[in-house]
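The values are calculated or read from the model by the stated rules, or taken from the named source; none is laboratory data. The structure presented is a predicted model; accordingly, all values stated were derived computationally and were not measured. Virtual Cβ from ideal backbone geometry, glycine too; neighbours counted across all protein chains shown. Areas reflect the complete protein model, heavy atoms only, side chains present, ligands, DNA and RNA absent. Shrake-Rupley method; radii C 1.70, N 1.55, O 1.52, S 1.80 Å.
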Amino acid sequence: MNDDLRRIPRIVRPFVSYDGGGGCRVATSDPVAEIIGDYRAFAAMQRERLLARGIDIAPYALSHIAVRVADWDLYVHQRTLLERHAKANSENLWNGRPISLIVLAEPLDVLDGTPVSMIELIPPVHQRVYRMGLEHLGVVVGEDVDDFSRVHRAALTGQQFQSPAVEPFYILFEDFTHVKFYRRSLYDGVLLEGARFDGFRHVDGWVPQRLVTATGPNPLPR
C-alpha cells in the first residue's frame, strides 16, 4: 500500500441490514460492508429471487459483486477506501470512463461460505436508468453456460457482449439490480484480454466529461 493511502483518514460507520421481520439491526463491524453496504444481504436477496425463477446457483462459484456510484468524487473516495482492503486494482477505461476491478486481500464470505474475491466499482456515465450501490452479482456457470442459457431462457433478460472473453447472460430485476452468468470469472476474462493485477493501477489524467444527449450537452454529476 502506498503512503498516500495511509495518509487519508479512514471513515468508519456502522451499516444497517434488515432482519426479515420488519426491523433493522446494526451488523457486526465489517470494513468492506461499511464502504459498499450489506453485500451478504444483497447476495442472499438475489439468490432467493433466482430460486423463485427456478435457478439454483448453489453449485456455482461467484465471480464478483458490482457496485455503482452516483458521481465521480464518490467513486474516487470508495476506490481509495476499498484499496486499503485489497491487494490489487486493475482500473481501465470502459464505455468512456474508468472502472475498477479490485481484488480483495481477504475474500468476502457470502451465501453460507461462498467466497467473493473481486469488487467491480463503476462510476457514471448515465445513459439509462441504473441502480446505485450494490448493483449486480456475478455467477460463474462455466463451460456449460450456453446450455444453462437454453434451459433458463424464459427467465433470462438477455446477453451482454462486453468483449470476446466476457459475454454474460443476465437477469434484470424490477429494482434495476442484476445477476450475471459467466463462462469464466470476470477476473479470468479480463486476464485473457491482457489486464494485469500486480498492484494498484489507475487511469491517468481522466476527468469527468460532458455527455451529449438528445437535449444537448449535459455535465456529468460530480
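Inside segment 95-137, can you point out the residues that are of a type in the set (Gly, Ala, Ser) and on the phi < 0 side of the Ramachandran plot?
Ser100, Ala105, Ser117
Testing Arg40 on (1) open to solvent by less than 80 Å² (accessible area, probe 1.4 Å); (2) at pLDDT 95 or above, one condition comes back false. Which one is that?
It fails just one condition, (1).
Are any residues in segment 166-190 open to solvent by 20 Å² or more (accessible area, probe 1.4 Å) and over 19 Å from Ser100 (Cα atoms), and if so, which ones?
Phe169, Tyr170, Leu172, Glu174, Asp175, Phe176, Arg183
Please determine whether any residue of segment 18-34 is open to solvent by less than 30 Å² (accessible area, probe 1.4 Å), at pLDDT below 95 and of a type in the set (Gly, Ala, Ser).
yes
Which members of segment 110-131 meet the condition of being within 23 Å of Arg47 (Cα to Cα) and without any contact (Cβ under 8 Å) to a residue 40 or more places away in the chain?
Asp112, Gly113
To keep it simple, each residue is scored yes or no on (1) open to solvent by 20 Å² or more (accessible area, probe 1.4 Å); (2) within 17 Å of Ala195 (Cβ to Cβ); (3) not β-branched (Val, Ile, Thr).
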residue	(1), (2), (3)
Val76	yes, no, no
Arg84	yes, no, yes
Trp94	yes, yes, yes
Arg97	no, yes, yes
Ala105	yes, no, yes
Asp109	yes, no, yes
Thr114	yes, no, no
Ile119	no, yes, no
Pro123	no, no, yes
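Going by what's in this entry, would Ala52 be described as exposed (fewer than 15 other Cβ atoms within 10 Å of the Cβ), modelled with pLDDT of 95 or more and within 25 Å of Val129 (Cβ to Cβ)?
Here the answer is yes, as Ala52 does meet what is asked.
Quick one: in segment 58-74, of everything that is touching a helix residue (DSSP H, G or I) at 6+ places or on another chain (Cβ under 6 Å) and closer than 13 Å to His178 by Cβ, which residue is surrounded by the most Cβ atoms within 10 Å (Cβ to Cβ)? Walk me through it before giving the result.
Start the filter on segment 58-74 by keeping residues that are touching a helix residue (DSSP H, G or I) at 6+ places or on another chain (Cβ under 6 Å), which leaves 63-65, 67, 69.
Filter again for closer than 13 Å to His178 by Cβ, leaving 63-65, 67.
Working: Ser63: 27, His64: 25, Ile65: 25, Val67: 25.
In this case the residue turns out to be Ser63.
Using beta carbons and a limit of 6 Å, which pairs, at least six apart or on different chains, have the first residue in segment 34-46 and of a type in the set (A, V, I, L, M) and the second one surrounded by 22 or more Cβ atoms within 10 Å (Cβ to Cβ)?
Ile36/Val67; Ala43/Leu137
Among the residues of segment 125-165, which ones are closer than 24 Å to Arg79 by Cβ, open to solvent by less than 40 Å² (accessible area, probe 1.4 Å) and hydroxyl-bearing (Ser, Thr, Tyr)?
Ser163
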